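**Q** Please see the structure below; I have some questions.
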Ligand code: 57M
């Protein structure tokens, strides 16, 4: 909004710049979440206490203590991101609109699920949740596909001349990216700060990526595909970084709130969509390697259990529970995951130079 008011109407040049608006989008979102956080958490706590608390069965013992920690803290992230983005992003940018719609749609699934879980002890049925994810991601995929600046070529890291034209198959591929990432972030979200840490690192990495991909000169220089208008996504991502830092303020150990599916599904879907829009889908598997590993640990655990007729590969999956049951303190597991995530981000960024 500020772009349209201050630059387009009053010709104040500084509001033209993505970098300037990005920095203030971050600061705005951060302070919004710090300001509304305590009140929101209080309300969520009241609601959850009234309904008797929520903790899944068979959780490692330490988690019983978390029974009254309010979930749906993702609301804090979504509200802060939306307010800040509306203020600082260009609202005539189709990519920004796509991302805001994605976040909102998956927020709806997650919030409904969390609400039902707290209120009636049972969330949405897995099948219903999946059908909603398919319908919404299909809608988003079509929206992206029809964007005049979107091409159907798949680009690979490192190999600068390797491309694959997916044509219409790009639509199911986008759906896979959105649904896969939202569920992977959801699976990861099982310890204080565990999901938001790698999320922040992934977001920071994609700020850099979207800025380059949206800049004709830089993209050409690095031999990566240029996508018109994508630079504006970095302003949105700065807002998400600020909101995520604000959320971490409350979610750091011992957490005062969990993001819930409200946060994990909306953030995951947003990250998946951004990887598609920036034409850097494979990099997401590297930067977001933690989400991939957590998901893989579940797949391997289930497969191993079936093949061996009841034996377990890990003490418990997703893998963070395995480390917990081995006696490693929760904050240590979480901080180590952040460290791995930072290293993965560096590896991902390095592929821009190796090509
Ligand atoms: C979300 N939710 C957390 C919180 C958070 C197929 C199977 C692997 C599915 C998987 C599953 O259901 N995953 C989805 C996991 C839960 O957190 C809530 O959920 C939101 C995210 N959706 O925001 O609202 C609990 O996690 C803890 N937590 C924190 N701090 C945080 O910041 O401590 C969360 C956020 C919270 C809190 O205790 O209540 C969760 O873990 O339930 N299932 C599993 O993850 C289960 N694994 C399992 O059954 N493994 C089997 C097989 C099927 C692979 C095996 O190993 O043999 C585990 N989850 C639980 N108990 N609760 C294992 C046992």
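Derivation of every value follows stated rules applied to the coordinates shown; laboratory data play no part. These figures come from a predicted structure and were not determined experimentally. A quick note on method: Cβ atoms are made from the backbone with ideal geometry, for glycine too, and the neighbour counts reach across all protein chains shown.
**Q** If you build a Gaussian network model of the chain, linking Cα atoms that sit under 10 Å apart, which residue out of 128, 205, 181 swings the most?
**A** The residue that fluctuates most here is 128.
**Q** If I model a spin label as a point 7 Å beyond the Cα along the Cα-Cβ vector, how far apart are those points for residue 176 and residue 220 in nm?
**A** Between residue 176 and residue 220, the simple spin-label model gives 3.3 nm.
**Q** Using packing as a proxy for protection, rank 62-74, 190-202, 300-312, 339-351 so that the peptide with the highest average count of other Cβ atoms within 10 Å comes first.
**A** Sorting 62-74, 190-202, 300-312, 339-351 by mean packing, highest first, produces 190-202, 62-74, 339-351, 300-312.
**Q** Which FRET efficiency, nearest 0.05, do residue 67 and residue 125 yield, Cβ-Cβ r, R0 25 Å?
**A** After rounding to 0.05, the efficiency reads 0.60.
**Q** Moving to a separate point now. What is the fewest-to-most order of 1, 259 by other Cβ atoms lying within 10 Å of their Cβ?
**A** Fewest to most other Cβ atoms nearby, the residues stand as 1, 259.
**Q** Here's a follow-up. Taking R0 as 45 Å, what's the FRET efficiency between residue 49 and residue 300 from their Cβ-Cβ distance, rounded to 0.05?
**A** After rounding, the FRET efficiency stands at 0.75.
**Q** What angle do you read, to the nearest 10 degrees and between 0 and 90, between the alpha-carbon axis of helix 126-145 and the longest principal axis of the chain?
**A** So the inclination is approximately 10 degrees.
**Q** If you don't mind, another one. For residue 326 paired with residue 16, estimate the spin-label separation in nm (one decimal), with each label point 7 Å from Cα along the Cα-to-Cβ line.
**A** Spacing of the two 7 Å Cα→Cβ label points: 5.5 nm.
**Q** Run the numbers for residue 166 and residue 4: contour at 0.36 nm per residue of separation, minus the present Cα-Cα distance, in nm.
**A** Full extension from residue 166 to residue 4 adds 54.7 nm.
**Q** Follow-up. In nanometres, what is the gap between the two model label sites at residue 249 and residue 282, each 7 Å from Cα along Cα-to-Cβ?
**A** Result for the modelled spin labels: 4.0 nm.
**Q** Can you work out the FRET efficiency for the pair residue 156 and residue 313, with r the C-beta to C-beta distance and R0 = 51 Å, to the nearest 0.05?
**A** 0.95
**Q** Specify whether the C-alpha gyration tensor of region 127-254 places it in the rounded, prolate or oblate class, a ≥ b ≥ c being the square roots of the eigenvalues: rounded for a/c under 1.5, otherwise prolate if a/b is larger than b/c and oblate if not.
**A** Judged from the Cα gyration tensor, region 127-254 comes out oblate (a/c at least 1.5, b/c at or above a/b).
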